[in-house]
Amino acid sequence: MQVHERIGAALTAANEAGRPALVPFITAGYPEPADFISTLKVIAETGDVVELGIPFSDPMADGMTIQRSSFEALRKGVSLKWIFDQLDAVEGGVAAPLVMMSYLNPLLAFGYDALAERALAAGVCGFIVPDLPFEESAELRDALEAKGLGLIQLVTPATPDERLQKLCAASRGFVYAVTITGITGGGTGLPADLTDYLDKVTGMSSIPVCAGFGIREAQDVAAVGRHAAGAIVGSALVETLERGADPGAFLESLRP
Amino acid sequence: MSTMFAADEAKRLLDAAIRGEMPDELGRFGPFGGRYVPETLVPAFERLDAGVQEHLHDVTFQQEFRRELREWVGRPTALTFAPRLSEIWGAEVWLKREDLAHTGAHKINNAIGQAILAKRLGAKHIIAETGAGQHGVASAAACARVGLPCTVYMGAVDIERQAPNVDRMHRLGAEVVAVESGDKTLRAAIDEALRTWVTDPAGIYYLIGSAVGAHPYPYLVRELQSVIGQEARQQMLDQAGALPDVAFACVGGGSNAIGLFYPLLGDDIELVGVEAGGTGPGLGQNAATLATGTPGVLQGSYSIILQDDDGQVQETHSISAGLDYSGVGPEHALLQATGRVEYISATDDEALEALEELCATEGILTALETSHAYAAAKNYAKRNPGKRILIGNSGRGDKDMPTLTKYPARTRKHAGA
């Protein structure tokens, strides 16, 4: 079994237990770097797969919440090296498979081969790179796949069918179906035609599909869960952490 | 001087650039360029690319574009001999006067060209970013001209230091959105424009202001700005009787520089791009991207950027908002790596001094951005007496009055002493 297959296995296990998979997202080291690992452990108890955001200075696909978390984490000294060091120090590992979400430049600066090696050692199974379209992705994909790690493709409601087919085939771990034509953290609810779109992506993909962007409440998770394997919850969880509320209780509240 | 390529590879890439084969179909200028954008924007970029291929060199587009340049922008802009500056510098100095173009800078060439394109592509709404405000004003004017609504994203820091341009944009009918995130300057404004475009990739046309970003923008902007170098080359032959020995242009994102340099690449002319040296050489003190940066991906293309060891893009400083940017167009990265263009910097103080000298000797209040090119040209003239120098006078300095009033006019003080 390739390392990236752990992602799909965890998502499928949730579905087989009769529930949509939950994929919580946090910006690593936010709000407080000192709380990073304890927070990670808590959300990995409820989350089936955990998405770790690597802070970047120019998060162009993100809304205000993730921007704020990214800038603040950077200000407090969080870097990819620091994150790997923290993950390496976790005894007994984290309960859920990890995927990293990073804009391309921090990965480029780290070096792709070194990245794949450290990610593998740290228990990371895959990467989501929001500013790396398929056409530019061969080099990173090859470096990751050499270690059994996966590059997770994003698809959106604006993606034409032919391209959708190509991206679903190329994706590893899961297919990240962006629910809206927009950035993360949208507060206006999920679009009405979401189910057709998710059914289409799920129909095309041989691996699980997770929906993300704009998912904030239990009813969103339930709605998405009827047409996709899982739901990704980012901004709403980050805002919970900002309020000092219990992230485990928040994630539990999202379960239908 | 090229550190990136072996000599034969540098020559091969440069020859291809001179033959007009850059960028390739993937938007690459050698290793630089490409298209690093969120998936939501990929279909929009593909449509834009197809639209550029269909229209940009189409006869009817070119007729409309050329007519607007002539009758609305006021082209060709003058080539001005600078006799008093020449005497002081010990050189023969010629100025390509983009400050005389409508709205006061070269930005209008690109803005009207892209506005015409947007109209042809069926856009409902135009968005633009701006640093110094010149591209914002040019976009507002061009959108009014073609009859499309316009929203301009501008960093909160820039709004403060370029207040006259904000008012001009409003009067030209544009909405101006203050960007409070990130560094609150040009880079944050581009990020915010991209975020907005993601919300309606089919209806919005993003009118980018410099030769930066994902393919096809660096190509599109170069093609629209090349009128500067085409005119200047012919005017030098007509008025000076010869091509210049050297040409200088300031470089932020690099649109006026690529516009001036591109038609001169195949000539025996030294080309010098001048970046903002700010207050010093340290990271964060300047915006000398090509002089001190490293390769990376920022805002859609692989180019040279100012970043730390972790790949985090660094904030910049320049007295001129238009040069205050941590990236640079990918074609400049190629021209530097092949050794064809030399990129140097001038400091805030040198730029201020050059601005005053040009005012006093030639009666031209140039933009703070442009002043950097003068400062570098003056230093060059000192070391190389008797040269024929062409300077891209990219814009006028009226917009800089709020900044300039903070600095006492040295020449006036001397005159009164």
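Filtering the range A:222-252 to residues that are surrounded by 13 or more Cβ atoms within 10 Å (Cβ to Cβ), of a type in the set (Gly, Ala, Ser) and without any contact (Cβ under 8 Å) to a residue 40 or more places away in the chain leaves A:ALA223, A:ALA236.
Residues in the range B:296-312: is at least one farther than 17 Å from B:PRO31 by Cβ and in contact with a Cys (Cβ under 9 Å, 6 or more places away or on another chain)? So far as the range B:296-312 goes, no, none of its residues is farther than 17 Å from B:PRO31 by Cβ and in contact with a Cys (Cβ under 9 Å, 6 or more places away or on another chain). Can you find a residue that is surrounded by 12 or more Cβ atoms within 10 Å (Cβ to Cβ), among the β-branched types (Val, Ile, Thr) and free of Cβ contacts under 8 Å to residues at least 40 places away in the same chain anywhere in the range B:40-52? Yes, the range B:40-52 has at least one match. The sole residue among A:SER79, A:SER38, A:SER102 that is in contact with a strand residue (DSSP E or B) (Cβ under 8 Å, 6 or more places away or on another chain) and free of Cβ contacts under 8 Å to residues at least 60 places away in the same chain is A:SER102.
Of the residues making up the range B:307-324, those that are within 17 Å of B:ALA211 (Cα to Cα) and out of contact with any strand residue (DSSP E or B) (no Cβ under 6 Å at 6 or more places or on another chain) are B:ALA321, B:GLY322. When we screen B:GLY213, B:GLY252, B:GLY182 for residues that are buried (at least 22 other Cβ atoms within 10 Å of the Cβ), outside the structural domain of B:PRO43 (by TED's automatic domain parsing) and in contact with a Phe, Trp or Tyr (Cβ under 9 Å, 6 or more places away or on another chain), the only hit is B:GLY252. A residue that is within 27 Å of A:LEU40 (Cα to Cα) and buried (at least 24 other Cβ atoms within 10 Å of the Cβ) can be found somewhere in the range A:184-205. The range B:1-97 holds helices (runs of 4 or more DSSP H) entirely within its bounds, and those carrying 3 or more residues that are closer than 22 Å to B:ALA202 by Cα and more than 23 Å from the chain's Cα centre (by Cα) map to B:42-55.
Among the residues of the range B:312-319, is there at least one that is closer than 30 Å to A:GLY77 by Cβ and modelled with pLDDT of 95 or more? So far as the range B:312-319 goes, yes, one or more of its residues are closer than 30 Å to A:GLY77 by Cβ and modelled with pLDDT of 95 or more. Return the residues of the range B:1-60 that are in contact with a strand residue (DSSP E or B) (Cβ under 9 Å, 6 or more places away or on another chain), within 12 Å of chain A (Cβ to nearest Cβ) and farther than 18 Å from B:TRP197 by Cα; say none if nothing qualifies. Listed by number, the residues that qualify are B:LEU26, B:GLY27, B:ARG28, B:PRO31, B:GLY33, B:GLY34. A Cβ distance below 6 Å, combined with a sequence gap of six or more or placement on separate chains, defines the contacts here; from the range B:87-111, residues that are aliphatic (A, V, I, L, M) reach residues that are assigned to a strand (DSSP E or B) and surrounded by fewer than 23 Cβ atoms within 10 Å (Cβ to Cβ) in the pairs B:LEU95/B:THR80.
Listed conditions (1) on the phi < 0 side of the Ramachandran plot; (2) more than 12 Å from chain B (Cβ to nearest Cβ) are all met by A:MET60, apart from (2). Restricting the range A:144-156 to residues that are of a type outside the set (Lys, Arg) and surrounded by fewer than 20 Cβ atoms within 10 Å (Cβ to Cβ), the residue that is farthest from the other protein chains (Cβ to nearest Cβ) is A:GLY148. So is B:THR347 within 25 Å of B:ALA6 (Cα to Cα), of a type in the set (Val, Ile, Thr) and surrounded by fewer than 24 Cβ atoms within 10 Å (Cβ to Cβ) or not? Considered against the rule, which asks whether it is within 25 Å of B:ALA6 (Cα to Cα), of a type in the set (Val, Ile, Thr) and surrounded by fewer than 24 Cβ atoms within 10 Å (Cβ to Cβ), B:THR347 comes out as no. Screening A:GLY111 against (1) over 29 Å from B:GLY213 (Cβ atoms); (2) within 12 Å of another protein chain (Cβ to nearest Cβ); (3) of a type outside the set (A, V, I, L, M) leaves a single unmet condition, (1).
Got a sec? Which of A:GLY182, A:GLY203, A:GLY148 is more than 24 Å from B:GLU46 (Cα to Cα), not in a helix (DSSP H, G or I) and not hydroxyl-bearing (Ser, Thr, Tyr)? Step by step, each of A:GLY182, A:GLY203, A:GLY148 is checked, and only A:GLY148 is more than 24 Å from B:GLU46 (Cα to Cα), not in a helix (DSSP H, G or I) and not hydroxyl-bearing (Ser, Thr, Tyr).
The values are calculated or read from the model by the stated rules, or taken from the named source; none is laboratory data. Since the structure is predicted, the reported quantities are computational estimates derived from the model, not experimental observations. Heads up, the Cβs are rebuilt from the backbone with ideal geometry, glycines too, and the neighbour counts pull from every protein chain shown.
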